[in-house]
Amino acid sequence: MAYWRKPVLALGLALAVATVGSLAYAQADDAIKSRKDGFQVFRTSAGAIKRVVDSNGPAAEAAAPAQALAAQAAKQVSFFPAGSDKGNTKAKPEIWANMADFTAKMKAAEDAATAIATAAAANNIDGVKAGFGALGAACGACHKAYRND
Ligand code: HEC
């Protein structure tokens, strides 16, 4: 190899490593943004269900927000790829060491939202209230274990 090629090669390699590194960061940043947007769907939907609970109905009005929450919960774990514990996030690194438990806790929120949607479709306000209790417990259990205050 010609003597002048080595530094060029080294520079190229350094650039390649830097590019791969910043790509990984960009992907983690995208995931963090996507999951925060998803949790805002959780917040808005849970708020709409709470209004139905507080006003003692009409139960049917809880159906759409409960469905939106369940649909979001079904994809929410996909926005926690490995490496996205760094950056502008309150996610605890424990998530990635306990992914099965984290996934189960997300499924509990999804199941509670689905139960609310089913009760709402049957115009069953007691079922909506029971589901809302389970939903709140699911939010709290995961935040306690896996979210920094
Ligand atoms: C399986 C775990 C889990 C469940 C279930 C869960 N959350 Fe969270 N939530 C998190 C984590 C982790 C974060 C921090 C995300 C970050 O900063 O990257 C978070 C963040 C949030 C945020 C802040 C989002 C932002 O813009 O920074 C809101 C609001 C929120 N959750 C609402 C809820 C509500 C409401 C529920 C229940 C309906 C819920 N979450 C259920 C794990 C969970």
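Looking at Asn98, Asn123, which is the one that is of a type outside the set (Phe, Trp, Tyr) and touching a residue at least 60 places away in the same chain (Cβ under 8 Å)?
Asn123
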Please enumerate the residues belonging to segment 89-103 that are aliphatic (A, V, I, L, M), in a helix (DSSP H, G or I) and either closer than 18 Å to Gly131 by Cβ or within 7 Å of the ligand (Cβ to nearest atom) (or both). Ile95
Can you go through Lys36, Lys86 and tell me which one is within 13 Å of the ligand (Cβ to nearest atom), open to solvent by 70 Å² or more (accessible area, probe 1.4 Å) and modelled with pLDDT under 95? Lys86
Please go through segment 118-135 and give me each residue that is open to solvent by less than 40 Å² (accessible area, probe 1.4 Å) and within 13 Å of the ligand (Cβ to nearest atom), ordered by number. Gly131, Leu135
Unmet criterion (only one of (1) open to solvent by less than 50 Å² (accessible area, probe 1.4 Å); (2) not in a helix (DSSP H, G or I)) for Ala73: (2)
Based on this model, can you work out whether Ala46 counts as open to solvent by 20 Å² or more (accessible area, probe 1.4 Å) and in contact with a Leu (Cβ under 9 Å, 6 or more places away or on another chain)? yes
Any residue in segment 28-39 that is among the hydrophobic types (A, V, I, L, M, F, W, C) sitting within a Cβ distance under 6 Å of a residue that is in a helix (DSSP H, G or I)? List the pairs, counting only those 6 or more apart or interchain. Ala31/Phe79
Does Lys105 fit the bill of being within 28 Å of Val52 (Cα to Cα) and open to solvent by 60 Å² or more (accessible area, probe 1.4 Å)? no
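The values are calculated or read from the model by the stated rules, or taken from the named source; none is laboratory data. The structure presented is a predicted model; accordingly, all values stated were derived computationally and were not measured. Note: ideal-geometry Cβ built from the backbone for every residue, glycine included; neighbour counts use all protein chains shown. Surface accessibility is based on the protein's heavy atoms, side chains included, excluding ligands, DNA and RNA. Shrake-Rupley method; radii C 1.70, N 1.55, O 1.52, S 1.80 Å.
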